[in-house]
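Before any comments, here is the structure.
The values are calculated or read from the model by the stated rules, or taken from the named source; none is laboratory data. On a predicted model such as this, the values are computed, not experimentally measured, just so you know. Counting neighbours? That spans all protein chains shown, and the Cβs are built from the backbone with ideal geometry, glycine included. The area values use the complete protein model at the heavy-atom level, side chains included, leaving out ligands, DNA and RNA. Shrake-Rupley method; radii C 1.70, N 1.55, O 1.52, S 1.80 Å.
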Amino acid sequence: PLDYVFFACIKESDSGWKSIISNCIKIFNKLKQKDPKTLKILMSKFHFERRGFKFKEKIFSKPIFEFKNNELRFRYLREYIETAYKIKKKKMPKNKVIALNKLDSFLTNKSYQKRFRLNTGDIVIFNNKFLSHGRTKFKINKNSAQRSLMRVWVN
């Protein structure tokens, strides 16, 4: 995966829209300690859809958690996984669905998250190998400029 993600806030939202970064190393360690069966599933290959890039193959397979060069790496986009299985016309095995549900419960647990608001002019850089990112809901005020965020991936 791309190693670093840069977010630059060009225009903040009128309300809501906090950035969320989850620590996947902590999640990995908790699964290793408390639920090794789920971790083993998450370390098996899942199908992912490729989006935003032009490749011959639209689907690729890799684990969500893996070690590469003795370094833990994390890659997870549930929508891309579910879409990949639809494209392949395969049903995702039930044990993988359950493992993804457990992973989602960790990712949405505030004890594994850091939440913050990006204001106009703010920039945040984070390692995309073991941190996941998302955002809270936000409202768009039709009478003012919409929020604008620039994202850059660097390998």
ask   = Taking the stated definitions as given, is Y85 at pLDDT below 95, buried (at least 17 other Cβ atoms within 10 Å of the Cβ) and more than 20 Å from V152 (Cβ to Cβ)?
value = no
task = Only residues in region 59-70 that are more than 8 Å from F48 (Cα to Cα) count as the first member; pair them with residues that are part of a loop (DSSP other than H, G, I, E, B) and modelled with pLDDT of 95 or more, Cβ under 9 angstrom, at least 6 apart or cross-chain, and list the lot.
result = P63/M43; P63/S44; I64/M43; I64/S44; F65/M43; E66/M43; F67/M43
query = Restricting attention to region 39-52, which residues are over 23 Å from K86 (Cα atoms) and in contact with a Lys or Arg (Cβ under 8 Å, 6 or more places away or on another chain)?
reply = L39
message = Just to be sure I understand, how many residues within region 3-39 are at pLDDT below 80, farther than 13 Å from F126 by Cβ and buried (at least 18 other Cβ atoms within 10 Å of the Cβ)?
response = 3
Filtered residues of region 49-66 (kept if modelled with pLDDT of 95 or more and of a type in the set (F, W, Y)) = F65
ask   = Here is a list of conditions, (1) farther than 21 Å from L39 by Cβ; (2) part of a strand (DSSP E or B), and K54 meets all of them except one; can you say which number that is?
value = (2)
message = Cβ contacts < 9 Å: first residue within 20 Å of E71 (Cβ to Cβ), restricted to region 31-53; second residue open to solvent by 70 Å² or more (accessible area, probe 1.4 Å) and part of a helix (DSSP H, G or I), any location; separation 6+ or different chain. Result?
response = L31/K102; L39/K32; L42/K102
